[in-house]
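**Student:** Before I ask anything, let me first share the structure, which is written out below as structure tokens.
The values are calculated or read from the model by the stated rules, or taken from the named source; none is laboratory data. None of these values were measured; they are calculated from a predicted model. Cβ placement follows ideal geometry from the backbone for every residue including glycine, while neighbour counts extend to all protein chains displayed. Note: accessible area is taken over every heavy atom of the protein model, side chains too, but ligands, DNA and RNA are not part of it. Shrake-Rupley method; radii C 1.70, N 1.55, O 1.52, S 1.80 Å.
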Amino acid sequence: MTTFEKVANILVDAKDCEADKIKMESTWAELELDSLDTVELVMNLEDEFSISLEMNEDMKTVGDVVKAIDAALE
Amino acid sequence: MIKTPICEILGIEYPIFQGGMAWIADADLAAAVSNAGGLGIISAMNADGEWLRKEIRKAKSLTDKPFGVNIMLMSPHVEEVSKLVAEEKVAVVVTGAGNPSKYMKDWIKAGIKVIPVVPSTGIAKLVARNGAVAVIAEGGESGGHVGEITTMSLVPQVCDAVDIPVLAAGGIADGRGIAASFMLGAVGVQLGTRFLVAKECNVHQNYKNKILKAKDIDTMTTGKRLGHPVRALKTPFSREFLKMEYNSNVSDAELEAYGAGSLYAAAILGDEKKGSFMSGQIAAMVKKEQTAAEIIKEIFEDAEKVLRGGTKWVK
Ligand SMILES: Cc1cc2nc3c(=O)[nH]c(=O)nc-3n(C[C@H](O)[C@H](O)[C@H](O)COP(=O)(O)O)c2cc1C
């Protein structure tokens, strides 16, 4: 599974997002996630990938998070 | 006597904070609460550094006890005031309305104890990891900006989520509320609405009178559409705001503009038409003006009685 697929699975599982709406370029706003949702999402991702992630204002899309995870895994 | 770990961590006598209240919680109120053995908190709200520095220095001149500063993360001056509290080495910073992670490192380096208000377990875990010494789990019963989850539901969940001490806020006004908070796992409380009518509180008398008169059903929340709901007394202003919120011809910008300055109008001018009289659901239980010391002494004496009687149903 690619990082994107794993992230998408978590979004579907934990946040009830619709799978076919999740794209690399989807923003949190498009997925209807607020700031509390994104903080929780980062926590879930850290557990899933066993990494530590710093959520910041530049991370606006699913793709931004995927890139940050890949960087942390290297 | 009631002593919990938060007393020791902060060097305070009673495990109670007076919550930051924009335009209301100034040096006079904070110092009175700290002198009474609680933790007084100055609200930095949307003010600039100059104002805050004056208030901090004034509080230092009024009390030798520790006090805190409440930093609103939505404030346009957040960068400036965040540097200033480090320079002034205030004992405690309490944050509201957002995720304080970005600023926490500098505060902790300056020796400040950081205690964020958290509306969810996710934020609680995040700030615990970033070095918070405690968190305040604030339920939607509170006055001011509110989250969705109630105190009853939020406090035990936050207690389960983090290993640091948890304070409960929202809907607490007497000894029963304190005792209940302890039963949910909290080791301290933060009160806003009850301290609003403290004798040392400089808010406009009209505001105090409205709180003293309020009944259980007299608060409402507005502003959901803008993403930051606020709980306030039902007044001409808040009723009109709600109408505009449900009117799709009114733009978000118009709605923001209508709300701008409304807490100032209430707290400083006492304007009963244009003011937003933010208040918690507990306002009806706030019945008289007392000094901060009288409030704290009374509610902790009550809490002790309630807690001692806590086993009466255990057969
Ligand atoms: C008028 C008013 C203004 C407030 N302003 C702030 C604020 O600027 N920053 C903040 O973090 N909390 C603010 N609060 C929340 C309080 O600090 C406190 O957590 C809350 O009032 C607790 O609930 P209670 O009112 O039921 O006691 C405000 C509350 C009130 C009533």
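**Student:** Looking at (1) in contact (Cβ under 8 Å) with a residue 60 or more places away in the chain; (2) farther than 16 Å from B:Met45 by Cβ, which is the only condition B:Arg239 fails?
**Tutor:** (1) is the only condition that B:Arg239 fails.
**Student:** Give the number of residues within segment B:1-37 that are within 22 Å of B:Gly177 (Cα to Cα), within 13 Å of the ligand (Cβ to nearest atom) and not aliphatic (A, V, I, L, M).
**Tutor:** Residues in segment B:1-37 being within 22 Å of B:Gly177 (Cα to Cα), within 13 Å of the ligand (Cβ to nearest atom) and not aliphatic (A, V, I, L, M): 4 in total.
**Student:** Within segment B:54-75, can one find any residue that is of a type in the set (Lys, Arg), more than 14 Å from every other protein chain (Cβ to nearest Cβ), more than 16 Å from the ligand (Cβ to nearest atom) and in contact with a Ser or Thr (Cβ under 9 Å, 6 or more places away or on another chain)?
**Tutor:** Within segment B:54-75, one or more residues are of a type in the set (Lys, Arg), more than 14 Å from every other protein chain (Cβ to nearest Cβ), more than 16 Å from the ligand (Cβ to nearest atom) and in contact with a Ser or Thr (Cβ under 9 Å, 6 or more places away or on another chain).
**Student:** Output the residues belonging to segment B:107-161 that are among the hydrophobic types (A, V, I, L, M, F, W, C), touching a Lys or Arg at 6+ places or on another chain (Cβ under 7 Å) and either within 12 Å of the ligand (Cβ to nearest atom) or at pLDDT below 95 (or both).
**Tutor:** Of everything in segment B:107-161, just one residue is among the hydrophobic types (A, V, I, L, M, F, W, C), touching a Lys or Arg at 6+ places or on another chain (Cβ under 7 Å) and either within 12 Å of the ligand (Cβ to nearest atom) or at pLDDT below 95 (or both), namely B:Val146.
**Student:** OK, next. When both residues are 6+ apart or on different chains and their Cβ atoms are under 9 Å apart, which pairs have a first residue that lies in segment B:249-278 and is open to solvent by less than 50 Å² (accessible area, probe 1.4 Å), and a second that is of a type in the set (Asp, Glu)?
**Tutor:** Matching pairs, first to second residue: B:Leu255/B:Glu245; B:Ser262/B:Asp271; B:Ala265/B:Asp271; B:Ala266/B:Glu272.
**Student:** Identify, please: which residue in segment B:27-71 is over 17 Å from the mean Cα position of the chain (by Cα) and polar (S, T, N, Q) and is, among those, farthest from B:Lys113 (Cα to Cα)?
**Tutor:** Per the stated criteria, the residue is B:Ser61.
**Student:** Right, another one. What helices (runs of 4 or more DSSP H) completely inside segment B:233-315 contain at least 2 residues that are under 25 Å from B:Glu148 (Cβ atoms)?
**Tutor:** B:236-245, B:252-259, B:262-267
**Student:** Quick check: anything in segment B:202-224 assigned to a strand (DSSP E or B), within 11 Å of the ligand (Cβ to nearest atom) and more than 24 Å from B:Ala124 (Cβ to Cβ)?
**Tutor:** There is at least one residue in segment B:202-224 that is assigned to a strand (DSSP E or B), within 11 Å of the ligand (Cβ to nearest atom) and more than 24 Å from B:Ala124 (Cβ to Cβ).
**Student:** When segment B:166-186 is examined, which residues are found to be surrounded by fewer than 21 Cβ atoms within 10 Å (Cβ to Cβ) and part of a loop (DSSP other than H, G, I, E, B)?
**Tutor:** B:Asp174, B:Leu184, B:Gly185
**Student:** Considering only segment B:264-277, I want to know if a residue exists there that is within 12 Å of the ligand (Cβ to nearest atom) and within 20 Å of B:Asp174 (Cα to Cα).
**Tutor:** no
**Student:** Residue check, B:Gly310 against (1) more than 28 Å from B:Asp26 (Cβ to Cβ); (2) in contact with an Asp or Glu (Cβ under 7 Å, 6 or more places away or on another chain), all met but one. Which one?
**Tutor:** Unmet condition: (2).
**Student:** Please work out which residue is nearest to the other protein chains (Cβ to nearest Cβ), limiting yourself to segment B:90-113 and to residues that are open to solvent by less than 40 Å² (accessible area, probe 1.4 Å) and among the polar types (S, T, N, Q).
**Tutor:** Here the residue is B:Ser101.
**Student:** Pairs, please: C-beta under 7 Å, at least 6 apart or cross-chain, first residue within 14 Å of another protein chain (Cβ to nearest Cβ) and in segment B:157-183, second within 13 Å of the ligand (Cβ to nearest atom) and open to solvent by less than 30 Å² (accessible area, probe 1.4 Å)?
**Tutor:** So the pair list comes out as B:Val158/B:Val118; B:Val158/B:Val135; B:Val158/B:Ala137; B:Val162/B:Val135.
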